[in-house]
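Below: one structure, written as structure tokens.
The values are calculated or read from the model by the stated rules, or taken from the named source; none is laboratory data. Source: prediction; values computed, not measured. With ideal geometry, Cβ positions are generated from the backbone for all residues, glycine too; neighbour counts draw on all protein chains shown. In case anyone asks, the SASA skips ligands and DNA or RNA and just uses the protein heavy atoms, side chains included. Shrake-Rupley method; radii C 1.70, N 1.55, O 1.52, S 1.80 Å.
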Amino acid sequence: MKTLIEFINDKQADFPYASGEFTRLLNDIGIAAKLVNREINKAGLADINGYFGTQNVQGEDQKKLDVFANDCFLAAMRHGGMVCAVASEENDELYTYDSAFSQKGKYVVAMDPLDGSSNIEVNVPIGTIFSIYRRISDSGSGTVNDLLQQGNRQIAAGYVIYGSSTMLVYSTGHGVNGFTLDPSVGLFLLSHPDMTFPEGGNIYSINEANYIYFHEGVKQYIKYCQQDDPATLRPYTTRYIGSLVADFHRNLIRGGIYIYPGTKKNPNGKLRLLYECNPIAFLAEQAGGKASNGYIRILDIQPTELHQRVPLFVGSKAMVEKAEEMMKLYSE
Ligand code: P6P
């Protein structure tokens with residue numbers, strides 16, 4: 001079994017710019033993930049469930065593990081010195097490192113340190129999502145503009161899923177590879193080489209409780225999924241965990257589509273472009289899938305603010321294209 005570092009070193013030719021720096025950054029992310037994993041696995045015992053008494057920029061109550069995870073990832077990247085700035089779901093403003101060491105960092109990171117954290121106390125898989133860019137500012141502290149790059153400029157993206165096993169799944173633009181943590185030795189080992197979406201899929205993931213607020217195209221796509229047509233594997237199966245990383249990971253392995261659309265109440269939906277949709281879209285395309293806002297490619301959207309939201313249609317290419325067809329056909 002190949003370790004994460006061995007794998008990266010073997011692939012060194014894939015990122016000529018790295019000269020070991022990218023290896024260091026990914027290793028730092030892996031270290032933070034192990035620390036977060038340890039706390040999640042004993043959350044019920046360590047009084048680390050529950051709320052911290054603060055709220056994030058989304059107005060969501062911050063759970064203790066949210067804050068712990070954020071601190072872990074920020075500290076790990078500070079220690080490595082490869083990163084000069086971080087956009088985090090848990091920080092209202094851009095987080096910039098103040099040491100001269102970090103200000104020489106060539107990379108900036110957008111991350112959701114613990115997505116789906118409301119699932120912690122009910123033992124449902126949750127995840128960390130990260131997106132890595134080369135900085136565009138010349139020197140000094142990173143700037144917001146370093147983060148407001150289109151998703152098609154990501155040099156890497158990935159997630160950690162804290163589930164029945166803990167996995168790190170990432171891509172540097174040369175396919176998607178999954179590593180499973182062996183807690184007995186504290187190493188991520190290559191377990192899912194070259195992950196790709198199955199050609200077809202029959203799983204759709206959407207929170208149908210919002211049905212009455214959906215765009216007509218989304219309603220028609222749901223009806224399409226529910227029609228009886230065995231030749232096209234319909235009716236599909238619906239699976240909705242309420243944890244983006246878990247729903248996406250299952251669809252990546254089994255085939256499927258995840259939709260968090262805009263609604264009449266929230267036209268831009270709920271998911272954030274920089275640290276949820278862009279990294280997930282990067283991985284989806286690297287795995288032969290597709291990701292759009294229902295109309296245009298997620299990775300081509302020009303960000304305008306750190307925490308902006310966009311609708312997300314992501315998964316098996318043919319399923320996303322069918323949903324986009326419905327959005328176009330029933331455009332309002
Ligand atoms: P809803 C978790 O809060 C999250 O950001 C995603 O992980 C998840 O897919 C979605 O929101 C769930 O949202 O509105 O269906 O509960």
Out of GLY256, GLY81, GLY186, any idea which swings most in a Gaussian network model of the chain, alpha carbons joined below 10 Å? GLY186
Estimated vicinal HN-Hα couplings, Hz - the stretch 139-155 in sequence order (Karplus 6.51, -1.76, 1.60; Gly, Pro = x): 7, x, 5, x, 10, 4, 4, 4, 8, 7, 9, 4, x, 6, 9, 4, 9
For the chain, set up a GNM with springs between Cα atoms under 10 Å and report which of PRO311, PRO303, PRO230 has the largest fluctuation. PRO230
Loop only by DSSP, 13 or fewer other Cβ within 10 Å of the Cβ. Give me the GluC sites (Glu not before Pro) in the stretch 74-108 that pass, ordered by residue number. GLU93
Measuring with a 1.4 Å probe in the full set of protein chains, what accessible area per residue, in whole Å², belongs to the chain? 41 Å²
Test of understanding: in a Gaussian network model of the chain with alpha carbons linked when under 10 Å, which of ILE129, ILE212, ILE301 would top the mean-square fluctuation ranking? ILE212
What helices does the chain hold that run 27 Å or longer along their axis, going by alpha-carbon atoms, with a Kyte-Doolittle average of -0.5 or more, using DSSP H for the helix calls? 21-40
For the chain, what does the relative contact order come out to in percent, with C-alpha contacts under 8 Å and a separation of six or more? 16 percent
When the accessible area of the chain is split by element with a 1.4 Å probe, what percent falls to carbon and sulfur? 51 percent
Quick one: Debye curve from the alpha-carbon atoms of the chain only, equal weights, vacuum; give me log10 I(q)/I(0) at q = 0.10, 0.12, 0.14, 0.16 Å⁻¹ to two decimals. -0.55, -0.81, -1.11, -1.43
Which distance in Å, rounded to a whole number, links the C-alpha centroids of the stretch 149-212 and the stretch 105-132? 12 Å
